[in-house]
Amino acid sequence: MAGICIIRCKNSGVFMGEIIERNGREIRIKNARRIWYWKGAASLSQLSQEGVSQPKECKFPREVPEEMVLDAIEIIPMSEVAISSIQGVPVWSA
């Protein structure tokens, strides 16, 4: 699977990034951004194609250069519109 995707994991959450390696459920993600809380999309499927309509209400921390997740259960390719939308969400921190 090429390009930027949303990766949903069983226990570690949801991420957006480019898959650089996959071995079963283990996925190495480049430029990974955790999708912690969102508003303005009903599901990850909608989020992957339309992005968010309420970016200031979302909680997406800063992206990291690389991350390995061990429990991926869903990979959804993203549209350019959705990528731009999520990249436009301000970095959230507690």
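Observations on the structure shown:
- Restricting attention to the stretch 20-45, the residues that are surrounded by 15 or more Cβ atoms within 10 Å (Cβ to Cβ) and not in a loop (DSSP other than H, G, I, E, B) add up to 9.
- Residue in the stretch 4-19 that is nearest to I86 (Cα to Cα), counting only those that are in a loop (DSSP other than H, G, I, E, B) and not charged (D, E, K, R): G13
- Every pair of residues 6+ apart whose Cβ atoms lie under 7 Å, when the first sits in the stretch 82-93 and is over 14 Å from R34 (Cβ atoms) while the second is surrounded by 15 or more Cβ atoms within 10 Å (Cβ to Cβ) and of a type in the set (S, T, Y): A82/S48
- Among (1) buried (at least 18 other Cβ atoms within 10 Å of the Cβ); (2) in contact with a strand residue (DSSP E or B) (Cβ under 6 Å, 6 or more places away or on another chain); (3) modelled with pLDDT under 95 - the single one S12 does not satisfy: (1)
- Within the stretch 58-87, being in a loop (DSSP other than H, G, I, E, B), surrounded by 12 or more Cβ atoms within 10 Å (Cβ to Cβ) and not acidic (D, E) holds for C58, P61, L70, M78, S79.
- Contact annotation: residue pairs with Cβ atoms under 6 Å, 6 or more positions apart or on different chains, pairing a residue in the stretch 33-47 that is free of Cβ contacts under 8 Å to residues at least 60 places away in the same chain with a partner that is among the acidic types (D, E) and surrounded by 12 or more Cβ atoms within 10 Å (Cβ to Cβ), are R33/E63; K39/E57.
- Residue list for the stretch 30-50, filter: within 20 Å of S93 (Cβ to Cβ) and under 13 Å from the mean Cα position of the chain (by Cα): N31, A32, R33, R34, I35, W36, Y37, W38
The values are calculated or read from the model by the stated rules, or taken from the named source; none is laboratory data. Computed from a prediction, not measured in an experiment: that's the story for all the values here. Because the Cβ atoms are built from the backbone with ideal geometry, glycine has one as well, and the counts that use them run over all protein chains shown.
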